[in-house]
Every structure is written in structure tokens, then in C-alpha cells.
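Asks: Handing you a structure now.
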Amino acid sequence: MTRKRNLNPDSYYHVIMRGNNRLPIFGSHRDMLELMRIFEYAHDQYPFHLLAYCFMTNHYHLLMKTESESLSKIMAHINRRYTSSYSKRYNHVGRIYQSRYFAKEVKSYSGLLAVSIYIHRNPINTKQPLVNRLEWYPYSSYPFYFEESKEAPKFLKLDVLKEYLPHPLEKTNAKYCEFCNKAPVHYTILQNSGGTLKI
């Protein structure tokens, strides 16, 4: 019997889903769009919001808070629908995910900044960077922070992270993006001030 997780409904969580045996869970641009569509549908059914997300080839990251339903129920819904869709497209038999999602509670404002930066920098923090600039990676929430005129997914809240930028930075998404790009300098500051993620 699976042990029930004791999750705090008032907290943000860093959620990670990995492919089984670290194999890809996305084979194409269409797959990435399909997961986005499933998130939109899930949001209509079970309200939640994200502060950051990034879809990589064999895993994805979320910085997530639920509003009425449990995190477990929402993630089960999302992963079940994506598994079904993926299996039909590729005639796949068996599971595509390594296990249940990983979820770590983020307990401080500086922690939210640290986790969001880690998530947004995933595409350039690989052995071979996928892009040269964070805003060029289309499967992440970062481009919506960088260019606020872009129509963001309805589950993405863009007005939270900027409020937690340290003094004397302006509380704007432009400054948040600068903060992300100077991340190697800022990681230590964030960790020392209560960030919960080791980077």
C-alpha cells in the first residue's frame, strides 16, 4: 500500500517528474505542447498555480501551489492524462515515469527565488546548454517573465517572485530576469538567507 504524503496545503512545492530509467518523456515539440494543454485542462478542473516551470527532455520541474485539491490528486490527474496521450502517440506499453513525483516544500521567500532560478536555468545548466539565452527556451515560464506582453498560461502567476527580490532591487519582472542571469553570484546569498534548495 502506498504511503500517504503529508503535504502542507498552504505551501509552495518544488515538484519534479522524471522519465523511467531517465529516458525521454518528450519526443517532440508536440509532446511539450500536449503537456501544456493538459496543465490548462487540469487547472480548469482543480485550481492551482505555478510560479515557475521548465520541461526538459526526460523530466520537468514545477514551483507549484494548490488552491483546493491536494497536490497528489492534481499530479495524478496530469500524469495519468499525459501517459495515456504519450502511449497512444508512440504505441508505448508500460510506464513512462520513474516513480511518483518528487515534492519538496519551499519554506521561505528566498527559497522561492532560489528554486525558481534553479528551474529557469535548467536549459543552460546542462553539460551542453540547450540555448544561449534563457528567453530563447520555449518550454519554460522564463520567457513570460522576460517579455510580459506575451500571453501567459492562466495557471502561471507572474506577480509573486518579483516581490521577494532583495533590497535594493526594483520589484519588477525585468529585475527578476536580471537576477536569474546573475544566478551563480546570487545562489550563495539565497541559501545563506534561508533558501531551501541546494544548488
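Computed from the coordinates by the stated procedures, all read-outs in this text should not be read as laboratory data. Remember, it's a predicted structure, so these values are computed and weren't measured experimentally. Cβ atoms come from the backbone with ideal geometry, glycine included; neighbour counts cover every protein chain shown.
Asks: Write down Rg/Rh for the chain, rounded to two decimals, with Rg from the C-alpha atoms and Rh from the Kirkwood relation over Cα pairs.
Replies: Working: Rg = 16.6 Å, Rh = 17.4 Å.
Rounded to two decimals, Rg/Rh equals 0.95.
Asks: Using 1/(1 + (r/R0)^6) with R0 = 45 angstrom and r between the beta carbons of residue 158 and residue 93, what's the FRET efficiency to the nearest 0.05? Walk me through the numbers before you get to the answer.
Replies: Numbers: r = 40 Å, r/R0 = 0.88.
The calculated FRET efficiency here is 0.70.
Asks: I'd like the Karplus ³J(HN,Hα) series for segment 70-84: coefficients 6.51, -1.76, 1.60, θ = phi - 60°, whole numbers in Hz, and an x wherever there's a Gly or Pro.
Replies: 6, 4, 4, 5, 5, 5, 4, 4, 4, 5, 5, 5, 5, 4, 4
Asks: While we're looking at this one, here's another question. Using Cα atoms only, what is the angle between the long axis of helix 109-120 and the major principal axis of the chain, expressed in degrees (0 to 90) to the nearest 10?
Replies: So the inclination is approximately 60 degrees.
Asks: Rounded to the nearest 10 degrees, what's the angle between the helix 29-45 long axis and the longest principal axis of the chain, both from Cα atoms, 0 to 90?
Replies: 90 degrees
Asks: Can you give the angle from 0 to 90° between the axis of helix 183-192 and the longest principal axis of the chain, with both taken from C-alpha atoms, to the nearest 10?
Replies: Approximately 90 degrees, to the nearest 10.
Asks: So what is the 222 nm mean residue ellipticity for the chain from helices alone, if each DSSP H run of at least 4 adds -39500 (n - 2.57) and you divide by all residues, rounding to the nearest 500 deg cm²/dmol?
Replies: Numbers: 6 runs with 73 residues, N = 199.
Estimated from H runs of four or more residues: -11500 deg cm²/dmol.
Asks: Assuming 0.36 nm per residue, please report the length gained on full extension of the stretch residue 178 to residue 147 beyond their Cα-Cα distance. Each step should come with its number before you reach the end.
Replies: Details: separation 31, 0.36 × 31 = 11.16 nm, distance 1.27 nm.
Using 0.36 nm per residue and subtracting the Cα-Cα distance, I get 9.9 nm.
Asks: Spelling out what I want: for every residue of segment 161-167, take phi, set θ = phi - 60°, compute 6.51 cos²θ - 1.76 cosθ + 1.60 (Karplus), and round to whole Hz; glycine and proline get x.
Replies: Going residue by residue, I get 4, 4, 5, 9, 4, x, 4 Hz, with x marking Gly and Pro.
Asks: Now a separate question. If you take every residue apart from residue 171 with its C-beta less than 14 Å away from the C-beta of residue 171, what net charge results, scoring Lys and Arg +1 and Asp and Glu -1?
Replies: On the way: positive: 162, 175; negative: 148, 159, 163, 170, 178.
Taking every Cβ under 14 Å from that of residue 171, the sum is -3.
Asks: Using Cα pairs closer than 8 Å and at least 6 residues apart in sequence, work out the relative contact order for the chain, in percent. Write out the running numbers ahead of the final one.
Replies: Values: 300 pairs, mean separation 51.4, N = 199.
Rounded, it is 26 percent for the chain.
Asks: Same structure again: More than 17 angstrom separation, counting every C-alpha pair in segment 1-82; what % is that? Kindly include the intermediate steps, with their values, before the conclusion.
Replies: Details: 1578 of 3321 pairs.
I get 48 percent for the Cα pairs in segment 1-82 exceeding 17 Å.
Asks: Which peptide among 52-61, 23-32, 90-99, 140-149 comes first, and what is the full order, when sorted by highest mean count of other Cβ atoms within 10 Å?
Replies: Working: 52-61: 21.6, 23-32: 15.5, 90-99: 11.8, 140-149: 18.9.
Per-residue Cβ counts within 10 Å, averaged per peptide and sorted highest first, yield 52-61, 140-149, 23-32, 90-99.
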